[in-house]
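Report on the structure given below.
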Amino acid sequence: MRELTATACRYAFMPVRSFRLLFIQDAIMITLYRLHDDGRLRGEHIVLPEREAGQVSTAPRLADSHEEASELHATQLLNDDLAPPILVRSDVLWIDLCQPDEQEQAWVSEQFTVALPELEEIEEIESSSRFYLAGDGIHLVSLFPHRRGREPKTVNIAFHLHGRQLISMRYEDIGLLRLFRNHLRRQRLSPEDGWEVLLALLAMKVDYLADEVEDIYRALEVLGQQAVRPQALEDTLHGILLQERYNDKVRQSLLDSQRLLRQLTRHLPASPRHKGRRQEIRDMLRDIDSLNPHTTFIFEKVNFLLDASIGFTNLDQSRIIKIFSVAAVVFMPPTLIASIYGMNFQWMPELDKDWGYPFALVLMAASALSTYLFFKWKKWL
């Protein structure tokens, strides 16, 4: 039995007669992953070049049966010895559209008889727009975590379960899907239909979110040690706020996955082969339930570290202000004495004495020292 995974992404490649790939702007590339006898998924590329006005479409066709595919391929060979084989529609398991334009969406809609959502529909947050049943299958939207550099974000991916096929559509490339395809090849998974592809992808998403929670814990442990060092305060605050954003995106993805999996459980077909899948969904829900308290604790720890960092900052600033305050009070009596002897009056007998100047200096020093010793006795210093 042949199993195919189709990936329709907006890249710019076009096959030539030597089966090499040339870079051409604004072309459509479909990557089909066929499950071979050795259990590995291997990619095959089909190109849908853009059709200009009045030009006959050269988009590849999908046959309804292997017999029809053989006949169509034989017809192609009469005109082109290197014509690629016609693929059978029922062999396709997964069609992944990455940043699709109108032509790409129209081709997928025509070949698989589905209505694909618009970008505005994918970004809606109400539950009725993120999971609903239609005549052409089950439509659902899920949040996936994504990092661009150090900045965390979430990307909405629309899924459509249509018979045994899964169609996914997104408007941004994310690393988790690339990791998922590599995981399929490395683990030699052989999905039977789109349900297994979707559940495997969601399971990898939950595992990825669990790893993110572990990374946040480790990062906060380091930041907690840095929070007591005022010299690294600015970097520490930036790091704490960054981990808070990571945790926020993880929390959003977990809650969205929880809602989606519960909806899938209610609409999973009641057949014996779906019994194991229902258990798999329950296992993922248990994992999510165990991760949610961790995200709550992380929010509390982030708030604690922020308060502690700001507290240490205030404490350090208080020490500095205390030093200036003590200095001002200590030098206040000498300043008063200097001000008295700086007054310009005729009758100031000490001014005419030889010992007047050293007497004033000793008096100023004694007043400052006595004030300092008084503060030390009161343990204010």
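Starting with the fewest neighbours, write out Phe374, Phe159, Phe112, Phe324 ranked by other beta-carbon atoms found within 10 Å of each beta-carbon. Could you put the intermediate results ahead of the total?
Numbers: Phe374 12, Phe159 24, Phe112 20, Phe324 9.
Starting with the residue having the fewest Cβ neighbours, the order is Phe324, Phe374, Phe112, Phe159.
Based on the Cβ-Cβ distance from Lys353 to Ser325, what FRET efficiency comes out when R0 is 45 Å, to the nearest 0.05?
On the way: r = 36 Å, r/R0 = 0.80.
Calculated transfer efficiency: 0.80.
For a quick check: sort Glu280, Glu121, Glu104, Glu126 by the number of other beta carbons within 10 angstrom, fewest at the front. Could the numbers behind the result be given before it?
Numbers: Glu280 17, Glu121 14, Glu104 23, Glu126 6.
Listing Glu280, Glu121, Glu104, Glu126 from fewest to most nearby Cβ atoms yields Glu126, Glu121, Glu280, Glu104.
Sort Lys379, Lys275, Lys249 so the one with the fewest other Cβ atoms within 10 Å of its own Cβ comes first.
Lys379, Lys275, Lys249
Which of the trypsin sites (Lys or Arg not before Pro) found in region 164-217 are in a DSSP loop and have at most 15 neighbouring Cβ atoms, other than their own, within 10 Å? Working shown, then result.
Values: sites: Arg164, Arg170, Arg178, Arg181, Arg185, Arg186, Arg188, Lys205; in loops: Arg164, Arg188.
Here the sparse-neighbourhood loop sites are Arg188.
Which of the pairs Lys205/Lys275; Lys153/Lys205; Lys249/Lys275 have their Cα atoms more than 20 Å apart in this structure?
Those over the limit are Lys205/Lys275; Lys249/Lys275.
Which FRET efficiency, nearest 0.05, do Glu123 and Gln225 yield, Cβ-Cβ r, R0 25 Å?
Numbers: r = 40 Å, r/R0 = 1.60.
Rounded to the nearest 0.05, the efficiency is 0.05.
Return, ordered by residue number, the residues of region 322-338 whose backbone nitrogen is under 11 Å from a label point located 7 Å along Cα→Cβ of Thr371.
Output list for this probe position: 325-338.
Just grab the label-to-label distance for Asp215 and Tyr132, each label 7 Å out from Cα along the Cβ direction, in nm (one decimal).
3.5
Only the coordinates and a few stated rules stand behind these numbers; no lab work does. As the structure is a prediction and not an experimental result, all values here were calculated from the model. Using ideal geometry, Cβ is built from the backbone for each residue, glycine included, and neighbour counts are taken over all protein chains shown.
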